[in-house]
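The values are calculated or read from the model by the stated rules, or taken from the named source; none is laboratory data. The model shown is predicted, which means the values in this text are computed figures rather than measured ones. All Cβ positions, even for glycine, are placed from backbone atoms using ideal geometry, and neighbour counts span all protein chains on display. All accessible areas refer to the heavy atoms of the entire protein, side chains included, with ligands and DNA or RNA removed. Shrake-Rupley method; radii C 1.70, N 1.55, O 1.52, S 1.80 Å.
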Amino acid sequence: MGRVTDKVALVTGASQGLGLADAQVLAREGATVIMTDIRDAEGEAAAAAIREGGGDAAYLHLDVSSEAEWKSVLAEIRERHGRLDILVNNAGMVQMATPEDCSLDAFRLHNAVMNEGVFLGCREAIPLMSESGGGSIINMSSTASHLGYPIFFAYSAAKGAVRSMTKALAVHCQMNGYNIRVNSLHPGAIDTPMVENTTSTLGIDKKDISPVVGLGTPEDVANVVLFLASDESRFVNGTEILIDNALSIQ
């Protein structure tokens, strides 16, 4: 317990799935967690549940594709806490379409949420984080950035951008002496509501996605988020961590 005590963390897409698990684990380990999402009722309830369990959590509305909303959220964190130590860029979405079927609007939407959203989050958080003495940025990518999933074409493109952007951000922060580490996580098949909805749409059992390696849990990912958020990972920077039970190398 207490691996991130006294740290202030911002987690996007925190009303369910991976983001919720990240927020729960960080709060359990002592962080003050600001949970954001566009699903306000669910986000408020999730933050309240963490507080009822003894954790420190609050909810703020944030559409990660909005530059103005990012500025507003960071200004509020600055006013309330005066610092930011951890940023988890987790918010995501997926619509199924192949390269030939994908509309330009759908492609742009995926990139607005998961590519531009990560860019805006990092750009707006870096000044406050560097003023706080440094910290850890954790960008949620996917094994889709390593493997070929034609049916998730726009999703894969956006997650691939996160993978590359993370490395440039890590070097930028290091070169400027910000003491900010930036790493990307690449989950495989994880048992989340998004996976449930996707498999339901495809008409398959979620267990059939990766019958050999099985399904991971949101906590499997959250435990790695905790490691990267803590000072235990002080020498881990600019890297990508696969959380897929060897799926991507089979």
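For residue 181, the conditions (1) modelled with pLDDT of 95 or more; (2) surrounded by fewer than 15 Cβ atoms within 10 Å (Cβ to Cβ) all hold with the exception of (2). Can you pull out every residue in the stretch 184-205 that is open to solvent by 50 Å² or more (accessible area, probe 1.4 Å) and either basic (Lys, Arg) or in a loop (DSSP other than H, G, I, E, B) (or both)? Within the stretch 184-205, 191, 203, 204, 205 meet the criteria. In the stretch 54-78, the residues that are farther than 22 Å from residue 133 by Cβ and without any contact (Cβ under 8 Å) to a residue 24 or more places away in the chain form Cβ pairs under 7 Å with partners that are among the aliphatic types (A, V, I, L, M) and surrounded by 20 or more Cβ atoms within 10 Å (Cβ to Cβ), at six or more places apart or across chains, as follows: 69/62. Cβ separations smaller than 7 Å between residues 6+ apart or across chains give the following pairs from the stretch 234-250 residues that are β-branched (Val, Ile, Thr) to residues that are in a loop (DSSP other than H, G, I, E, B) and open to solvent by less than 50 Å² (accessible area, probe 1.4 Å): 243/188.
Selection of first residues in the stretch 126-142 that are over 24 Å from residue 222 (Cβ atoms) and of second residues that are of a type in the set (Ser, Thr, Tyr), restricted to Cβ pairs under 6 Å at least 6 apart or on distinct chains, gives the following pairs, ordered by first then second residue: 130/178.
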